[in-house]
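**Q** So that we are looking at the same thing, I have put the structure below in structure tokens.
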Amino acid sequence: MEDEQSFSDICGGRLALQRRFYSPSCLEFCLSCPRITLRSLTAVTCTVWLAAYGLFTLCENTMILSAAIFITLLGLLGYLHFVKIDHETLLIIDSLGIQMTSSYASGKESTTFIEMGQVNDVVINEAIYMQKVIYYLCILLKDPVEPHGISQVVPLFQSAKPRLDCLIEVYRSCQDILAHQKATSTSPEGGDKIISASNRRSHSGMGAY
Amino acid sequence: MSIFSCMSLWVSLSRNCLFLSFALFSSGLCCFSLWLNSLGLSCWPQKYRAVVLPVYLLTTIVIMLLLYVLLFGINMMSTSPLNSIHAITDNYARNQQQKKYQEEATSALRDIPISEVNQAFFREAKELYTKN
């Protein structure tokens with residue numbers, strides 16, 4: 001089952017969120033970033049070439065112009081391969097873990113996988129970023145020493161940077177899956193406590209959580 | 001934090017030294033104009049410049065370099081990045097004591113973990129965050 005919605009990022013660019021619902025325990029979100037526009041490409045090329053022409057009028061050396069052309073081409077290729085991210089995908093599998101994939105504009109993909117045993121929670125946090133305060137989604141990893149502690153924070157969708165409405169959609173679906181995972185992982189221990197009173201059952205549920 | 005205090009101390013000290021030296025220079029220049037004239041060095045700018053140029057220089061250096069570059073730069077460098085644990089919790093919140101729950105009493109003040117805050121904001125109160 002596939003679902004597509006349109007959102008905006010923190011700078012106002014358009015994002016498209018594609019949600020694929022494979023099963024109640026497996027969900028995939030694909031967030032596509034705004035593409036590189038002809039206007040920005042023309043602007044950068046013109047500034048580089050005008051600067052090179054200015055240098056050329058000072059130095060009278062034609063190698064500067066050829067160097068400017070090479071720099072523009074190599075810079076564009078490097079930007080598309082190393083910097084510009086086309087879409088980011090988040091795949092949550094209930095019993096296995098969470099996988100994040102970033103696809104660059106040149107086709108390169110970089111993947112990170114976090115297994116479910118290390119995941120404490122997925123939350124929306126606010127932080128100062130440059131001159132703004134932004135909401136961002138992050139995965140909290142468990143502390144091996146302390147059971148309910150947090151050892152590391154992994155921010156998600158760093159290149160797309162969606163706004164709060166998009167984050168809430170992703171957050172709710174992730175929390176449904178995590179709650180489903182916790183319920184199925186604690187059911188063998190909770191099965192023999194069904195006979196107890198409701199107070200004791202709620203306390204044992206909190207202890208298991 | 002310590003680097004910021006060192007920088008601010010250095011800034012204030014250097015600013016005071018500069019002020020003092022330029023004040024001495026400008027006052028000295030005003031007094032010795034007759035003496036300088038007799039030496040033959042007569043073509044000087046107006047005396048008003050001796051007072052005003054140091055102020056211009058100081059303002060430019062202090063505002064452009066120290067304020068806009070150094071101060072704002074130090075501020076931005078010491079902001080925690082998005083993947084830092086300091087944006088989520090800190091030592092006080094981790095080590096706070098669990099207070100006992102009392103019936104019919106206002107709950108004690110404590111740092112609520114971010115998971116609980118998120119559940120309360122984004123799952124239970126759905127009408128507050130509608131798409132606009």
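The values are calculated or read from the model by the stated rules, or taken from the named source; none is laboratory data. Predicted model, so just to flag it, every value in this text is computed and none were measured. Note that we place each Cβ from the backbone using ideal geometry, even for glycine, and neighbour counts take in every protein chain shown.
**Q** Given the conditions (1) more than 9 Å from every other protein chain (Cβ to nearest Cβ); (2) surrounded by 15 or more Cβ atoms within 10 Å (Cβ to Cβ), report the number of the one that A:Val123 does not fulfil.
**A** (1)
**Q** Quick check on segment A:62-72. Is at least one of its residues outside any helix (DSSP H, G or I) and either under 27 Å from A:Arg20 (Cβ atoms) or not assigned by TED's automatic domain parsing to the domain that holds A:Tyr22 (or both)?
**A** Residues of segment A:62-72 outside any helix (DSSP H, G or I): A:62.
Of the ones still in play, those that are also either under 27 Å from A:Arg20 (Cβ atoms) or not assigned by TED's automatic domain parsing to the domain that holds A:Tyr22 (or both) are A:62.
Yes - at least one qualifying residue is present in segment A:62-72.
**Q** Mind listing whichever residues of segment B:72-97 are surrounded by 13 or more Cβ atoms within 10 Å (Cβ to Cβ), aliphatic (A, V, I, L, M) and within 10 Å of another protein chain (Cβ to nearest Cβ)?
**A** Correct list: B:Leu82, B:Ile85, B:Ala87, B:Ile88.
**Q** Under the condition of being touching a Phe, Trp or Tyr at 6+ places or on another chain (Cβ under 8 Å), at pLDDT 95 or above and facing chain B (nearest Cβ under 8 Å), which residue from segment A:133-167 is surrounded by the fewest Cβ atoms within 10 Å (Cβ to Cβ)?
**A** A:Pro155
**Q** If you check A:Ala43, A:Ala16, which single one turns out to be out of contact with any helix residue (DSSP H, G or I) (no Cβ under 9 Å at 6 or more places or on another chain) and surrounded by fewer than 12 Cβ atoms within 10 Å (Cβ to Cβ)? Before the answer, list the steps.
**A** Working: A:Ala16 fails: surrounded by fewer than 12 Cβ atoms within 10 Å (Cβ to Cβ).
Just a single option satisfies the conditions, and that option is A:Ala43.
**Q** Being more than 30 Å from B:Phe25 (Cα to Cα), within 14 Å of chain A (Cβ to nearest Cβ) and exposed (fewer than 12 other Cβ atoms within 10 Å of the Cβ) narrows it down to one of B:Glu104, B:Glu116, so name that one. Full working, then the answer.
**A** Working: B:Glu104 fails: within 14 Å of chain A (Cβ to nearest Cβ).
The match here is B:Glu116.
**Q** Turning to a different aspect of this structure: Within the set of pairs 6+ apart or on separate chains, which have a first residue in segment A:1-27 that is in contact (Cβ under 8 Å) with a residue 60 or more places away in the chain, a second that is part of a strand (DSSP E or B) and among the basic types (Lys, Arg), and C-beta atoms under 7 Å apart?
**A** A:Ser8/A:Arg14; A:Ile10/A:Lys132
Results for (1) under 21 Å from the mean Cα position of the chain (by Cα); (2) β-branched (Val, Ile, Thr); (3) on the phi < 0 side of the Ramachandran plot, shown as yes or no for each residue.
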| site | (1), (2), (3) |
| --- | --- |
| A:Leu17 | yes, no, yes |
| A:Arg39 | no, no, yes |
| A:Val48 | no, yes, yes |
| A:Cys59 | no, no, yes |
| A:Ile69 | no, yes, yes |
| A:Leu73 | no, no, yes |
| A:Val83 | yes, yes, yes |
| A:Met100 | yes, no, yes |
| A:Asn120 | yes, no, yes |
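**Q** Please verify whether A:Gln181 is of a type outside the set (Ser, Thr, Tyr) and more than 12 Å from every other protein chain (Cβ to nearest Cβ), treating the condition exactly as stated. Break it down stepwise before answering.
**A** Values: of a type outside the set (Ser, Thr, Tyr): yes; more than 12 Å from every other protein chain (Cβ to nearest Cβ): yes.
Taking the combined requirement at face value, the residue satisfies it.
**Q** Which condition number does A:Ser103 fail, the rest of (1) closer than 24 Å to A:Ser6 by Cβ; (2) within 14 Å of chain B (Cβ to nearest Cβ); (3) modelled with pLDDT of 95 or more being met?
**A** Here A:Ser103 meets the rest and fails (2).
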